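The values are calculated or read from the model by the stated rules, or taken from the named source; none is laboratory data. As the structure is a computational prediction, the values presented were derived from the model and not from experiment. Note that we place each Cβ from the backbone using ideal geometry, even for glycine, and neighbour counts take in every protein chain shown. Quick note on the areas: whole protein, heavy atoms, side chains included, nothing else; ligands and nucleic acids left out. Shrake-Rupley method; radii C 1.70, N 1.55, O 1.52, S 1.80 Å.
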Amino acid sequence: MKKSIMAALAAAVCATAAYAAPSADFDKGVDAKAFLSAAKEAAKQDKAPIETKQLKYRAERDCATFSFAPDGPTVSDVVWLRSTEYDEVCDQVGDPRHGGGRYCREVPRYTNRERVQLELQGRQALLPWEREVFEVCLEGRWLNLYGLQVGHDYKANRVGGHYTLSAGARKAMNPDAAGISAEAPVTKGQALEFTFKDRWASYYAGEKTKLKLTLKREVEGWFDPTLLEKELELDAAGAYTVDFNAWVGDFKEKLKPGKKYYVDWSFSRVGKVSKPTEMKQGDSPAGAFAPAGFVEVASLY
């Protein structure tokens, strides 16, 4: 009895397989791998790709800058910031099997507005050239405060868009980028002498000033060759005189009478008054090298 039941089940399985499978000539044999590969390729041609994309969110960013002078008001003007939020909305367009697909676009969702004002409390005196600068940005529903240039450690308390900034310890700030100026060089002996005027020397009494100088020859319409690079650390003073006669032997070429020279220069402060930030100044005014006995002859052409 048991054997007859098993035979019946086997016959049923074989019959089901015969109806489910595609027709094939079993006498000639079937390449199973090739058969599956062909089936997959046919399925690729019929199926339509289904893309799943996460909806995107974006918000405009609106910022305002607030600058406080040493002797100016400590409460800023009121500024209104505005930020619109956007959602990405996607629709199915056409038949995906014939070039159709998803079409996505941004649509505004909500516009946020914030009334912003800053108030500084308890700050110490700033130096004449110093400015404390803050930035407030609204992005969506988020309002953020940033210190761009600050002379104190501040603690912020916010009510709505009104920030109260309580000053803590005083901090050094950058020196005045225009605090030192260069004059055109003058001929002295076998070289040139440069003078730099320091507008704020009295505030740096007892500290140092660092000068970085690159002496160059001016060439019309071409690259200006470098003769010497020098870095000096000098006592803070109303004027700094740099005499290049001290380094004539180190020049990469001799000075040429009648040719103009200048320095590409920068300075920094060394001490506690300001940060040691290098303030790049670019090219100084140029001046001609005119040694004793040199007479410049005007060209006839």
>> Which GluC sites (Glu not before Pro) in segment 152-226 sit in a loop by DSSP (not H, G, I, E or B) and have at most 12 other Cβ atoms within 10 Å of their own Cβ?
In response: 220
> Quick one: Cα centre-to-centre distance for segment 132-146 and segment 65-125, in angstrom?
Replying inline: 10
>> In Å², and per residue, what accessible area does segment 192-251 have when probed at 1.4 Å with the other protein chains present?
In response: 54
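Per the Cauchy relation, a quarter of the hull surface: what is the mean projected area of the convex hull of the alpha carbons in segment 220-301, in nm²? Can you show the working numbers first?
On the way: hull surface 32.1 nm².
Result: 8.0 nm².
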>> Explain nothing, just the number: dipole magnitude of segment 233-289 about its Cα centre with +1 on each Lys and Arg Cβ and -1 on each Asp and Glu Cβ, in debye rounded to the nearest 20.
In response: 160
>> From the gyration tensor of the Cα coordinates in segment 103-188, what semi-axes in whole Å does the equivalent ellipsoid have, largest first, with each one equal to sqrt(5λ)?
In response: 39, 23, 9
> For segment 201-301, which trypsin sites (Lys or Arg not before Pro) are in a loop by DSSP, counting at most 16 other Cβ atoms within 10 Å?
Replying inline: 252, 254, 259, 272
> Near the amide H of residue 154, under 5 Å away, which other amide H atoms are found, from residues 5 or more places off or on another chain, if H is placed in the peptide plane?
Replying inline: 168
> How many nm is it between the label spots at residue 137 and residue 159, if each spot is 7 Å from the Cα in line with the beta carbon?
Replying inline: 2.8
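Residue 124 to residue 177: extension gain in nm, 0.36 nm per residue of separation minus the Cα-Cα distance?
Working: separation 53, 0.36 × 53 = 19.08 nm, distance 2.20 nm.
Length difference between fully extended and current span is 16.9 nm.
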